[in-house]
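Chemist: To start, I am sharing the structure in question, which I have written as structure tokens.
The values are calculated or read from the model by the stated rules, or taken from the named source; none is laboratory data. All of these numbers come straight from a predicted model, not from anything done at the bench. Ideal geometry is used to build each Cβ from the backbone, glycine not excepted, and the neighbour counts take in all protein chains shown. For accessibility, only protein heavy atoms count, side chains too; no ligands or nucleic acids. Shrake-Rupley method; radii C 1.70, N 1.55, O 1.52, S 1.80 Å.
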Amino acid sequence: MTPQEEIARLRRQLEDWNYAYYVLDAPEVPDAEYDRTFRRLQVLEREHPELVTPDSPTQRVGAEPLSQFGEVRHEVPMLSLDNAFSAEELRDFDRRVRERLGAGDEAVEYACEPKLDGVAVSLLYESGRLVRGATRGDGTTGEDITHNVRTVASVPLRLRGKGYPELLEVRGEIYLPREGFERINTEARERGEKIFVNPRNAAAGSLRQLDASITARRPLQMCCYSVGLFRGGEMPDRHSEILDRLHRWGLRLNPESKVVRGVEACEDYYQSLAERRDGLPYDIDGIVYKVNDLGAQQRLGFVSRAPRWAIARKFPAQEEATRVVAVEFQVGRTGAITPVARLEPVFVGGVTVSNATLHNFDEIARLGLQVGDRVIVRRAGDVIPQVVSVIAADRPADARAVQAPEVCPVCGSPVEREEEGAVLRCLGGLICQAQQKAAIRHFVSRRAMDIDGLGEKLVEQLVDRELVATVADLYRLPRESWLSLERMGEKSVDNLLAALEASKDTTLPRFIFALGIREVGEATANNLASHFGSWEALAAADEEALLEVPDVGPVVADHLRQFLDTRDNLAVVAALREAGVHWPDVARPPREQLPLDGQTWVVTGKLENLDRNAAKARLEALGARVAGSVSAKTHTVVAGPGAGSKLGKAEELGVPVIDEAAFLDLLAQHGAQP
Ligand code: JCF
């Protein structure tokens with residue numbers, strides 16, 4: 001094979017894999033193999049620089065940052081969309097469409113798709129090669145961002161297949177999936193840099209870089225939604241068929257796209273997406289409906305900047321302005337004091353919001369927030385509402401700076417500022433009623449002692465009335481006291497007492513987890529239980545012994561020792577056991593005889609036959625350590641559908657990935673129950 005031939009073969013191979021991964025969402029190779037192939041191509045291109053072409057997979061990041069953006073004129077204007085804010089406005093739109101088309105009562109065919117909250121872009125392909133990427137700008141003139149769009153993995157540098165027009169302009173949205181947004185903001189926060197207020201701004205900011213190597217580090221994605229200019233070729237006369245073509249030529253589409261007939265079906269589509277909106281991996285702000293027939297589109301035409309054949313039905317906004325009426329402080333299970341903004345109630349993201357977390361005192365400083373300020377509140381997905389920015393111009397004359405509390409606002413104990421300064425912590429421990437409540441809520445929760453019927457309201461009453469201060473008191477409270485609580489009849493009390501009784505028969509890992517020791521989650525509790533086998537052995541372990549436990553580092557070891565060195569905590573444990581809480585010791589076969597001894601596994605995505613915790617338990621029983629993140633030391637990743645960044649990371653590092661079926665096989669091989 002000549003170098004030319006090998007280079008061509010490698011490029012085709014990499015393009016195929018890229019297409020499978022980014023466009024079809026169906027990875028075909030482990031990343032290690034991708035990387036090896038990529039590096040081989042790099043070596044060959046370095047040896048034969050004359051064979052390098054701009055559409056080679058190695059050329060996504062150009063060498064030199066630009067000094068400014070060029071201008072691009074859109075020969076076919078990039079239109080925007082009219083909005084409909086209700087089902088009625090959508091029906092009006094459909095009525096107008098039918099009237100103009102003279103369609104009478106006949107149902108019109110509409111192409112529906114989610115409206116992504118990103119940046120509209122135009123991609124120009126000449127003979128199938130990407131030659132230009134541009135922003136929408138004002139619809140007529142945009143900015144040349146070719147160097148940046150080239151770095152977006154789902155933008156093909158070369159079209160696939162055959163039959164595309166000689167000149168083809170593809171339009172779509174470049175956006176940042178939520179997970180990527182959280183990731184770049186976490187990284188920015190850690191480095192003390194400015195954070196982005198929402199994924200849309202983050203996408204726009206990423207595409208507005210003169211240095212494409214910055215854009216390349218942002219996990220941007222592209223979804224195509226139409227064709228602008230084309231010459232030297234044919235295109236189908238239905239919108240949905242155009243999208244099918246684009247897909248075959250290697251462009252990524254939104255998998256939710258669908259063709260429906262009639263406005264009622266449009267409304268159903270809207271409702272079903274509204275229900276799933278929080279669970280989507282990206283932000284959407286509505287649904288786009290387009291008349292599917294291009295002839296009909298032509299007859300309908302457009303007014304000013306928006307077509308008459310399309311409309312965006314908007315969802316309730318995810319960001320709204322409101323006023324901060326107070327900043328209060330919540331004390332968590334471990335004493336951490338979290339500032340919370342009390343808001344004038346505002347309807348945002350489909351619910352009425354009257355509180356937003358402020359995270360910590362650094363965040364208040366970063367926002368420059370004062371009590372009385374008007375702020376932008378954001379609620380997206382299942383995430384708790386956040387204050388994203390202060391509207392500085394609207395600051396009232398009587399705005400007040402936020403004062404950090406000098407003592408715990410709940411129990412009056414001294415507070416401590418942790419090293420970094422951001423986190424305040426109440427030192428009251430078990431005497432702090434806020435910590436008592438949080439500790440009880442955690443103790444009774446499903447994954448801990450699983451005591452049904454002990455909801456938040458009851459816990460409040462128990463602690464406020466000083467009937468219960470520690471979790472051990474729950475088992476000692478007489479029947480009359482339970483009956484004295486609001487909304488507790490005979491029947492509820494019977495059920496609750498039965499649940500308490502049943503909870504006494506527990507397991508060591510659950511018990512350790514239920515104690516709510518700082519940084520000791522379920523996985524760590526499991527590891528501690530299997531490592532020490534008994535409570536006594538754990539309680540006697542010194543720092544050195546604790547550090548031998550998988551996943552336990554100096555910080556966790558320190559929290560454990562602090563917990564175990566506090567006499568009050570040991571008294572609670574003793575009282576629990578006296579009340580009858582018990583568990584079997586955990587048998588510990590010699591580790592070196594276990595088949596997966598010394599291996600670190602990661603479980604990600606959704607498994608069909610066993611939940612992730614069960615999967616972890618099986619792996620640990622075979623001697624594996626189960627970690628929460630993938631690193632070069634990971635032995636194997638078990639990935640179910642919906643696996644996200646961990647799968648990507650595994651592929652990047654060349655860590656073997658197996659699916660659930662292979663995992664079950666492996667368990668069976670080792671005689672473990674699936
Ligand atoms: O996802 C979007 N933000 C989006 C914007 C989708 C579309 O189908 C669009 C659009 C803007 C204009 N279609 C047009 C004509």
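Chemist: Would you be able to say whether some residue in region 107-120 is free of Cβ contacts under 8 Å to residues at least 60 places away in the same chain and within 16 Å of the ligand (Cβ to nearest atom)?
Modeler: Scanning region 107-120, I find at least one residue that is free of Cβ contacts under 8 Å to residues at least 60 places away in the same chain and within 16 Å of the ligand (Cβ to nearest atom), so the answer is yes.
Chemist: To continue, here is another question. Just wondering, is there one or more residues in region 492-505 that are within 20 Å of Arg441 (Cβ to Cβ), within 30 Å of the chain's Cα centre (by Cα) and open to solvent by less than 50 Å² (accessible area, probe 1.4 Å)?
Modeler: no
Chemist: Among the residues of region 244-253, which ones are of a type in the set (D, E, K, R) and away from the ligand (no atom under 13 Å from the Cβ)? Please lay out each step first, then the result.
Modeler: So in region 244-253, the residues of a type in the set (D, E, K, R) come out as 244-245, 248, 252.
Hits for region 244-253 are Asp244, Arg245, Arg248.
Chemist: Here's another thing I want to ask about it. Which one of Gly163, Gly139, Gly133, Gly128 is within 22 Å of Ile242 (Cα to Cα) and in contact with a Pro (Cβ under 6 Å, 6 or more places away or on another chain)? Please lay out each step first, then the result.
Modeler: Details: Gly163 fails: in contact with a Pro (Cβ under 6 Å, 6 or more places away or on another chain); Gly133 fails: in contact with a Pro (Cβ under 6 Å, 6 or more places away or on another chain); Gly128 fails: in contact with a Pro (Cβ under 6 Å, 6 or more places away or on another chain).
One residue alone meets the criteria, Gly139.
Chemist: Which condition does Thr53 not pass, out of (1) assigned to a loop (DSSP other than H, G, I, E, B); (2) in contact with a strand residue (DSSP E or B) (Cβ under 9 Å, 6 or more places away or on another chain); (3) more than 16 Å from the ligand (Cβ to nearest atom); (4) touching a residue at least 12 places away in the same chain (Cβ under 8 Å), if it passes all the others?
Modeler: (4)
Chemist: Moving to a separate point now. Restricting the search to region 121-157, which residues are part of a strand (DSSP E or B) and either open to solvent by 20 Å² or more (accessible area, probe 1.4 Å) or away from the ligand (no atom under 16 Å from the Cβ) (or both)? Lay out the reasoning, then the answer.
Modeler: Step one: filter region 121-157 for residues part of a strand (DSSP E or B), giving 121-126, 129-135, 141-144.
Leu124, Tyr125, Glu126, Arg129, Leu130, Val131, Arg132, Gly133, Thr135, Thr141, Glu143, Asp144, listed by residue number.
Chemist: Identify the residue in region 232-287 that is of a type in the set (Ser, Thr, Tyr) and in contact with a helix residue (DSSP H, G or I) (Cβ under 9 Å, 6 or more places away or on another chain) and, among all such residues, is farthest from Leu167 (Cα to Cα). If you could, list the steps in order and put the result at the bottom.
Modeler: Step one: of region 232-287, the residues of a type in the set (Ser, Thr, Tyr) are 240, 257, 269-270, 272, 282.
Those left that are additionally in contact with a helix residue (DSSP H, G or I) (Cβ under 9 Å, 6 or more places away or on another chain): 257, 270, 282.
Numbers: Ser257: 25, Tyr270: 35, Tyr282: 31 Å.
Of everything passing the filter in region 232-287, Tyr270 is farthest from Leu167 (Cα to Cα).
Chemist: Exactly one of these conditions fails for Arg178: (1) within 16 Å of the ligand (Cβ to nearest atom); (2) touching a Gly at 6+ places or on another chain (Cβ under 7 Å); (3) closer than 26 Å to His74 by Cβ. Give me its number.
Modeler: The failed condition is (3).
Chemist: Then there's this: Which residue pairs have Cβ atoms closer than 9 Å, lie 6 or more positions apart in sequence or on different chains, and pair a first residue in region 543-569 that is over 13 Å from Val520 (Cα atoms) with a second residue that is surrounded by fewer than 11 Cβ atoms within 10 Å (Cβ to Cβ)?
Modeler: Close Cβ pairs (under 9 Å, with a partner that is surrounded by fewer than 11 Cβ atoms within 10 Å (Cβ to Cβ)) amount to Glu543/Pro554; Leu547/Pro554.
Chemist: In addition: Being charged (D, E, K, R) and open to solvent by 20 Å² or more (accessible area, probe 1.4 Å): is that true of Glu113 here? Give the steps one after another, and end with the answer.
Modeler: On the way: charged (D, E, K, R): yes; open to solvent by 20 Å² or more (accessible area, probe 1.4 Å): no.
No: the conditions fail for Glu113.
Chemist: Name the single residue that is nearest to the ligand (Cβ to nearest atom) among those in region 67-95 being part of a strand (DSSP E or B) and surrounded by fewer than 20 Cβ atoms within 10 Å (Cβ to Cβ). Show your work before the answer.
Modeler: Taking region 67-95 and keeping what is part of a strand (DSSP E or B), we get 71-73, 83-84.
Now restrict to residues that are surrounded by fewer than 20 Cβ atoms within 10 Å (Cβ to Cβ): 71, 73, 83.
Values: Glu71: 21, Arg73: 18, Asn83: 11 Å.
Among those that are part of a strand (DSSP E or B) and surrounded by fewer than 20 Cβ atoms within 10 Å (Cβ to Cβ), it is Asn83.
Chemist: Scan (1) open to solvent by 40 Å² or more (accessible area, probe 1.4 Å); (2) touching a helix residue (DSSP H, G or I) at 6+ places or on another chain (Cβ under 8 Å) for the single condition Ala365 breaks and write down its number.
Modeler: Going through the list (1) open to solvent by 40 Å² or more (accessible area, probe 1.4 Å); (2) touching a helix residue (DSSP H, G or I) at 6+ places or on another chain (Cβ under 8 Å), Ala365 breaks only (2).
Chemist: Quick one: would you say Arg577 is on the phi < 0 side of the Ramachandran plot and more than 33 Å from the chain's Cα centre (by Cα)?
Modeler: Details: on the phi < 0 side of the Ramachandran plot: yes; more than 33 Å from the chain's Cα centre (by Cα): yes.
Judged against the criteria, Arg577 is a match.
Chemist: Turning to a different aspect of this structure: Take the conditions more than 16 Å from the ligand (Cβ to nearest atom), more than 23 Å from Asp55 (Cα to Cα) and outside any loop (DSSP other than H, G, I, E, B) and apply them to Arg98. Does it pass? Talk me through it step by step, then tell me what you get.
Modeler: On the way: more than 16 Å from the ligand (Cβ to nearest atom): yes; more than 23 Å from Asp55 (Cα to Cα): yes; outside any loop (DSSP other than H, G, I, E, B): yes.
Yes.
Chemist: Follow-up. Can you pull out the residues in region 208-228 that are more than 14 Å from the ligand (Cβ to nearest atom) and in contact with a strand residue (DSSP E or B) (Cβ under 6 Å, 6 or more places away or on another chain)?
Modeler: Residues of region 208-228 that are more than 14 Å from the ligand (Cβ to nearest atom), as a first pass: 208-220.
Correct list: Leu220 only.
Okay, residues lined up against (1) within 16 Å of the ligand (Cβ to nearest atom); (2) in contact (Cβ under 8 Å) with a residue 60 or more places away in the chain:
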site	(1), (2)
Ile242	yes, no
Pro255	yes, yes
Val260	yes, yes
Gln271	no, no
Gly279	no, yes
Asp283	yes, yes
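Chemist: Provide a single number: the residues in region 199-220 that are of a type in the set (A, V, I, L, M), more than 24 Å from Asp285 (Cβ to Cβ) and open to solvent by 10 Å² or more (accessible area, probe 1.4 Å). Steps first, please.
Modeler: Initial filter on region 199-220 (of a type in the set (A, V, I, L, M)): 202-204, 207, 210, 212, 214, 216, 220.
With more than 24 Å from Asp285 (Cβ to Cβ) added as a condition, the list becomes 210, 212, 214, 216.
Restricting the remaining residues to those that are open to solvent by 10 Å² or more (accessible area, probe 1.4 Å) gives 210, 214, 216.
Final tally of qualifying residues: 3.
Chemist: Same structure, new question: Which one is surrounded by the most Cβ atoms within 10 Å (Cβ to Cβ) among residues in region 549-596 that are charged (D, E, K, R) and modelled with pLDDT under 85? Spell out how you get there, then give the answer.
Modeler: Initial filter on region 549-596 (charged (D, E, K, R)): 551, 558, 561, 565, 567-568, 577-578, 585, 588, 591-592.
Retained after the next criterion (residues that are modelled with pLDDT under 85): 551, 588, 591-592.
Numbers: Asp551: 17, Arg588: 14, Arg591: 11, Glu592: 8.
Of everything passing the filter in region 549-596, Asp551 is surrounded by the most Cβ atoms within 10 Å (Cβ to Cβ).
Chemist: Given the residues Val383, Val348, Val415, which is the only one that is touching a strand residue (DSSP E or B) at 6+ places or on another chain (Cβ under 9 Å), of a type outside the set (Lys, Arg) and farther than 30 Å from Asp94 by Cα? Walk me through it before giving the result.
Modeler: Working: Val383 fails: touching a strand residue (DSSP E or B) at 6+ places or on another chain (Cβ under 9 Å); Val348 fails: farther than 30 Å from Asp94 by Cα.
Checking each option against the conditions leaves just Val415.
Chemist: When you go through Glu193, Glu173 one by one, which is the residue that is within 16 Å of the ligand (Cβ to nearest atom) and of a type outside the set (S, T, N, Q)? So that I can check it myself, show each step before the final result.
Modeler: Numbers: Glu193 fails: within 16 Å of the ligand (Cβ to nearest atom).
The unique qualifying residue is Glu173.
Chemist: Quick one: count up the residues across region 310-328 that are closer than 14 Å to Ala274 by Cβ, away from the ligand (no atom under 16 Å from the Cβ) and more than 24 Å from the chain's Cα centre (by Cα).
Modeler: Of the residues in that region, 0 qualify.
Chemist: Just to be sure before I move on: is Gly163 within 16 Å of the ligand (Cβ to nearest atom) and either crowded, with 17+ Cβ neighbours inside 10 Å or part of a loop (DSSP other than H, G, I, E, B) (or both) in the structure I sent? First the steps, then the outcome.
Modeler: Numbers: within 16 Å of the ligand (Cβ to nearest atom): no; either crowded, with 17+ Cβ neighbours inside 10 Å or part of a loop (DSSP other than H, G, I, E, B) (or both): yes.
It is false that Gly163 is within 16 Å of the ligand (Cβ to nearest atom) and either crowded, with 17+ Cβ neighbours inside 10 Å or part of a loop (DSSP other than H, G, I, E, B) (or both).
Chemist: Right, something else. Mind listing whichever residues of region 618-647 are under 14 Å from Leu667 (Cβ atoms) and out of contact with any helix residue (DSSP H, G or I) (no Cβ under 7 Å at 6 or more places or on another chain)?
Modeler: First pass over region 618-647, keeping only residues under 14 Å from Leu667 (Cβ atoms): 618-624, 626, 636, 638.
Selection gives Leu619, Ala621, Leu622, Ala624, Thr636.
Chemist: Further, regarding this structure: Residue under question is Leu176, and the condition is that it be closer than 24 Å to Asp285 by Cβ and at pLDDT 90 or above; does it hold? Steps first, please.
Modeler: Working: closer than 24 Å to Asp285 by Cβ: yes; at pLDDT 90 or above: yes.
Yes, satisfied.
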